[in-house]
1. How far apart, in nanometres, would the label points at B:R137 and A:V247 be if each is projected 7 angstrom from Cα along the Cα-to-Cβ direction?
2. Under a no-solvent Debye model with one identical scatterer per Cα of region A:271-417, what's log10 I(q)/I(0) at q = 0.15, 0.17 Å⁻¹?
3. Between A:K333 and A:D263, 0.36 nm times their residue separation minus their Cα-Cα distance comes to what?
4. Cα centroid distance between region A:274-310 and region B:1-16, in Å?
5. Could you give the distance between the Cα centres of region A:44-87 and region B:59-83, to the whole Å?
6. Within 10 Å of each candidate Cβ there may be at most 14 other Cβ atoms; applying that plus a DSSP loop requirement, which trypsin sites (Lys or Arg not before Pro) in region A:17-94 survive?
7. Filter the GluC sites (Glu not before Pro) in region A:148-223 to those in DSSP coil with at most 13 other Cβ atoms within 10 Å of their Cβ, and list the result.
8. Sum -39500 (n - 2.57) across every DSSP H segment of at least 4 residues in the protein assembly as shown, then divide by the residue count to get the 222 nm mean residue ellipticity, nearest 500.
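Any read-out appearing in this document is the output of simple, stated calculations on the displayed coordinates, not a laboratory observation. Here the structure is a predicted model, which means the values were calculated and not measured. Note that we place each Cβ from the backbone using ideal geometry, even for glycine, and neighbour counts take in every protein chain shown.
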Amino acid sequence: MGMTISQKILAAHAHLTSVKAGQLINADLDLVLANDITAPVAINEFEKAGGCVRCNDKIALVMDHFAPNKDIKAAEQVKKTREFARAQHISHFYDVGRMGIEHALLPEQGLVGAGDLVIGADSHTCTYGALGAFSTGVGSTDMAAGMMTQQCWFKVPSAIRFVLKGTLPRYVTGKDLILHIIGLIGVDGALYRSMEFTGEGVSALSMDDRFTVCNMAIEAGAKNGIFPVDDKTLAYLKEHCQKPPVVYEADEDAIYEKTIEIDLSTLKPTVSFPHLPENTKTPEEWDDREIHQVVIGSCTNGRISDLRQVAEVLKGRKIHENVRCIVIPATQKIYLQAMHEGLFDTFIEAGAIVSTPTCGPCLGGHMGILAAGERAVSTTNRNFVGRMGHVTSEVYLASPYVAAASAVLGRIATPDQL
Amino acid sequence: MFVKGHVFKYGSDVDTDVIIPARYLNTSSAEELASHCMEDIDKDFVKNVQKGDILVAEDNFGCGSSREHAPLAIKTSGISLVIANSFARIFYRNAINIGLPILECPKAVEAIQKGDVVSCELSTGIIKNETTGEQFRAEPFPPFIQTIIDAGGLIKSLSHKE
C-alpha cells in the first residue's frame, strides 16, 4: 500500500519498510526542541526521573518567548534552562545575542534537513515541513522523554492533500493561502492528520511562504504540514544545512482522506477576525473599525521577505497617528540583513519601532500588550480570546502586506487601498 | 479509579490560552498555574472548583499551544476528569503523559449539563450522570496508551520498560 511523504519519514525513523495510518510506532528523532517556557517543565520531569541526555548534539534550547527576560520569574526560568544546558553540555543552546525565534532560527542554523524527524515542545514546530521534514509539536513531558531516549511514540497520521496550481496574485502571500485553508476546513479540519501540499503551484511559492504555510498547519489542528522537496528547497538547504538532504516522495497510490484543489491565482488578501483563525474574511467583508496596534514578526512572518514586503508598503509613508507599529525581525541574522538593506530606516522614518528578536507580543508576553478593547492587526498565528493582552482586546491575523497597509490607514486595508 | 464530582461545562475550541493565559507562563509551579486556570473564559472557575469535579466540553478541547501547563493547571485545580467530543492532539498527549484522565464521549457531552453530578469508573469508561440517572460508555484507550496511563505517566512508563 502506498505511503504519503509523512508516512515514509516515520517508517524510515522507526526502521520499518512501511507503515499505515493509525499504526503506533516508536521512532528515532533527529532533533528535540524546547523554549524558555516549555523547557523548565521538561527539566522538572527529566530531573524527577533522574534522567540523562542521550544525544547532547540533537537537542536545541531556544530562549525566545519571554526573553530578553520580561520579569524576575521569566529570568528564573531562563536561568534554570541555561544551567541545565551547561550541566548537560547541550550544543545548541541559544541565549540572548545568539537566539532568534526558534522556528526561524533552526532552519537558518541548518539544524533541520530534508527527511528529518523533529519534535519540539512548541506547537509551531510543524514549520519545518517546508524543508521536507516531518516535524510536530509535543508537550514538555514528551520532550523530556525525547531528551532521555532520543525517541518518541507516534500514531501514524492519515493525510489531507492540498493540490496547488497557478501563482499568487500581487500582494497575496503564503499567509493568505494558509488563512484561506484554515477558513475552508476549520480549526480542527485537519485534526490528527498531515497536511501535504503538492501540485505545480508549489514551485511558485518561496521558501519563506512555505515556512509560513507549514507553521500554521497546527491552527487547523494538524499533526504536521509538509511540502515536497524541489530545487528551491535544495538551494535553501545547500546554503544553510551541512547534512545531505534525504528526499521522500509520496507514492502514486498513497492514500489521502481528502484532496482539496486550490488555484492560487484566485486567492485574495485574507484576514482572520477574532477569536479563531478560521474566521477568515476577504477585503469586501472588511469594515472601517479602528485599529490601535500592528505587530509584524513571529515564527509565522518575521523573515526577511516579510520585512521587505512591509518596507515596500511603508516606504515614504507614515504610520497612522492612532497606531503603534512594532516590527520584530525573527533572528539576529535577519535583523542584520534588514539593517544592511536599509529597511530599518524605512520603518523608523515611518514611525514604527524595531525590536530585538522575541516571541513577545504574539502570546501576550511582553513588547506590545493590548489594553481592554484595543485591536491589533498582527502577522502572528493566533487570535484567541486574550491572546495578546486584555481579555476584551482583539487580534486580526494578516499578511505583512495587509499589516503594513493597515498600520498606515489605521484600519484593516490592503496596499492597493493606499 | 472511580471519580465523582460536579460538572463545569464549556463549548467547542476551548484553547490553551484561555485554559492558562500566557501571562502566567513565567512560572512552572503547578499550584500557581492552577490559581489562574480557565480565568479568561470563566472568572469564577477557580473560586468554585472542588476536588473531584469534572470538566465537560464539546469539540477540539485544548487547541492551540503545546503548553503542558494547561493540563497541569486543570489537574492541579482539582478536576478529576475531562470529557469532550474530541481533543486537540498535543493536549491529548500531554494529558496522558501527566496523568490527567480524559475521555471522548459525544453522547455524554450532549446530555450532561453544567452543575450535574457525574461519576465515572475510569478503567471501564462507564460515565454515570448521577443527577439524571443516564449512563454512557466512552471509547476505551488503545492498549499502548493504557500502559502509559497504568504506569502513571510517560516518564514512569519509560522507567518500567528499563
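1. Computed distance between label sites B:R137 and A:V247 equals 5.2 nm.
2. The calculated log intensity ratios at q = 0.15, 0.17 Å⁻¹ are -0.65, -0.84.
3. Numbers: separation 70, 0.36 × 70 = 25.20 nm, distance 3.40 nm.
My answer for the length gained is 21.8 nm.
4. If you average the Cα positions of each part, the centres end up 33 Å apart.
5. If you average the Cα positions of each part, the centres end up 23 Å apart.
6. Numbers: sites: A:K20, A:K48, A:R54, A:K58, A:K70, A:K73, A:K79, A:K80, A:R82, A:R86; in loops: A:K20, A:R54, A:K58, A:K70.
Sites meeting the loop and neighbour criteria: A:K20.
7. Numbers: sites: A:E196, A:E200, A:E219; in loops: none.
Passing both the DSSP loop test and the Cβ count: no residue.
8. Numbers: 21 runs with 181 residues, N = 580.
It comes out at -8500 deg cm²/dmol, rounded to the nearest 500.
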